[in-house]
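Inspection log for the structure reproduced underneath, given as structure tokens.
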Amino acid sequence: DHPTPAAIAGHLAAELVPDAGPGPVPGLAELDRLEGALDGGVDDPADRERLAGRLRELLGRLDPAATAADGDGTAAIEDRMDGASDDELFDLIDNELGLS
């Protein structure tokens, strides 16, 4: 049923080696470590807010809606800035200008 040695090898590989499934997703191991680090909680409200802001920023990179608003993402940025706290806006300015 297998006309070539490569076809036989492919058939045997499929039968003998179980499908490993999809490969590892980049970043998941790091998220697991972050989750472990945050299990103890963050006591300082300012630190908590900075962490939450940074996590929202990173999550925005994964959310297609955050970059597809006007094709260049300007509406999404405006929406995010409208809903941002003062501390988040100052953090954004500090990060963009390299002040922190």
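Miscellaneous remarks
- Spin-label model, A13 to L28: label points 7 Å out along the Cα-to-beta-carbon direction sit 2.3 nm apart.
- Proximal charge balance of V42 [Cβ under 14 Å; K/R count +1, D/E count -1]: -3
- Taking other C-beta atoms within 10 Å as the exposure proxy, D91, D86 rank D86, D91 from fewest upward.
Values in this text are rule-based calculations from the coordinates and carry no lab data. Keep in mind that what you see is a predicted model, and the values were worked out from it rather than measured. Note that each Cβ is placed from the backbone with ideal geometry, even for glycine, and that neighbours are counted across all protein chains shown.
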